[in-house]
1. Give the residue that is nearest to residue 205 (Cα to Cα), with candidates limited to residues of the range 313-339 that are in contact with a Lys or Arg (Cβ under 9 Å, 6 or more places away or on another chain) and among the small types (Gly, Ala, Ser).
2. Can you confirm whether residue 296 is more than 27 Å from residue 22 (Cα to Cα), touching a residue at least 60 places away in the same chain (Cβ under 8 Å) and over 18 Å from the mean Cα position of the chain (by Cα)?
3. Could you check the range 168-234 for strands (runs of 3 or more DSSP E) lying wholly inside it with 2 or more residues that are under 24 Å from the mean Cα position of the chain (by Cα) and surrounded by 15 or more Cβ atoms within 10 Å (Cβ to Cβ)?
4. Could you identify the single residue in 267, 219, 210 that is under 30 Å from residue 9 (Cα atoms), in contact with a Leu (Cβ under 6 Å, 6 or more places away or on another chain) and not basic (Lys, Arg)?
5. Residues that are within 24 Å of residue 62 (Cα to Cα) and among the aliphatic types (A, V, I, L, M): does the range 334-345 have at least one?
6. In the range 262-292, which residues are within 19 Å of residue 332 (Cβ to Cβ) and of a type in the set (Gly, Ala, Ser)?
7. Please go through the range 91-108 and pick out each residue that is under 21 Å from residue 152 (Cα atoms) and loosely packed, with under 15 Cβ neighbours inside 10 Å.
8. Return the residues of the range 301-323 that are under 15 Å from residue 268 (Cβ atoms) and small (Gly, Ala, Ser); say none if nothing qualifies.
Amino acid sequence: MRYRDDAPRTADLVVIGGGVVGAATAWHAARAGFAPLILEARPALCTLTTPVAAGAFRLQFDNLEELTLVRESAELFLNFTETTKQDRYDLAVRQQGYLWLTTEDAMAARQRELVGRLHAWGQSDVELLSGDDARARFPFVSPEVVQARFRAGDGFLDTKQLTFGLAESSGAEVLTGCRATGFTLSEGGDRLAAVETTRGPIACGAAVIAGGPLSGLLATSAGLSLPIVAVRRHKLVFPALPAVPPGAPMTIDEDTGAHWRPALAGAWILFTDPATPPEDPTDAVTPDPAFAFQVLEPSGPAAVARVVPFWRDVWEDGAAPWILQAGQYTVTPDHRPLIGQTGIRGLYVNTGYSGHGIMLSPAGGRLLADLLSGASREEDNPFAIDREFADLPPPTL
């Protein structure tokens, strides 16, 4: 990693944000011929949102645009060492699948419709399982489940290894402990001239805001209003839990959105209530202790025991230690990322992944680099900042 001790006076391209989105942006930009500088406010890369993500990827999306992105990302994940030409960072990919369970006939109908669309888009390896078929393959599934959808090729990966592998492979210079505070514009006010930082200005031809939930705050310093909000989400970590089958897939109660996956020697449980209101973006997200009871207490409407009974046993035994983490989704009105140039020439954004940053941003970084280099046009970009937004409820995953 090419760390700097001081801020340069000039840079070809400044990438603001040292999580997976910033690292992916720098990696693709370097491949397109740019010399990126990654700017990270914290003392180390990958310490805010990325390391508390679910660390998973799936080729089960309800729109072709995001499905196309994640297909590209998955190719990188599955060929990471060969593609990045480094062997220091290993993603430890485990293709254990994504299993979506439902106990409701209406949701079963929506599952059938989605699987049909996925097959029409060429994703023919997504299976539709009856409740009995799901239980035969995954004995932990409850008798109440009437149907499931499943793709065996979906899986898990290490998010920190992904971020550091991309950053190192990019050859980018990295400056940590340096916060971007604003921008200097040209005399006419329509073009970027420099990124202002806590260590002084950095003159540059282009910059990318890739700061996750803090992206909107930084954009306001240039007079921009990004259509994003920050929504808190939690991850409950069981470091060791013998009840969890280590080979289980990501298992999702599609009726509620609560989900869990094997991790470490136990499991992670994740859930964001669709009614969770936006909050002020911050780099110090406080976990709410009530979350653990929301997903664990069997009588609760979002309990993971609703479709997987062994979680009831975990609750009743009560002795397993857990750790609660929190982060923020960066959510757009249509839950799709913002990728592209702002109204200020030379200033770009790559943010708003709405909980899908790990699986979409490696390909999103390529799209951003193509826009930077002129290899693609803003008018052909489905994730442009000025697109028309459909007003949808908050994401559950």
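The values are calculated or read from the model by the stated rules, or taken from the named source; none is laboratory data. Please read these numbers as outputs of a predicted model, since none were measured by experiment. Positions of Cβ are backbone-derived with ideal geometry, glycine not excepted, and every protein chain shown enters the neighbour counts.
1. Among those residues, the one meeting the criterion is 327.
2. yes
3. Those strands (runs of 3 or more DSSP E) span 173-175, 202-209.
4. 219
5. yes
6. Listed by number, the list holds a single entry, 275.
7. 92 - this is the single residue of the range 91-108 that is under 21 Å from residue 152 (Cα atoms) and loosely packed, with under 15 Cβ neighbours inside 10 Å.
8. Passing the criteria: only 320.
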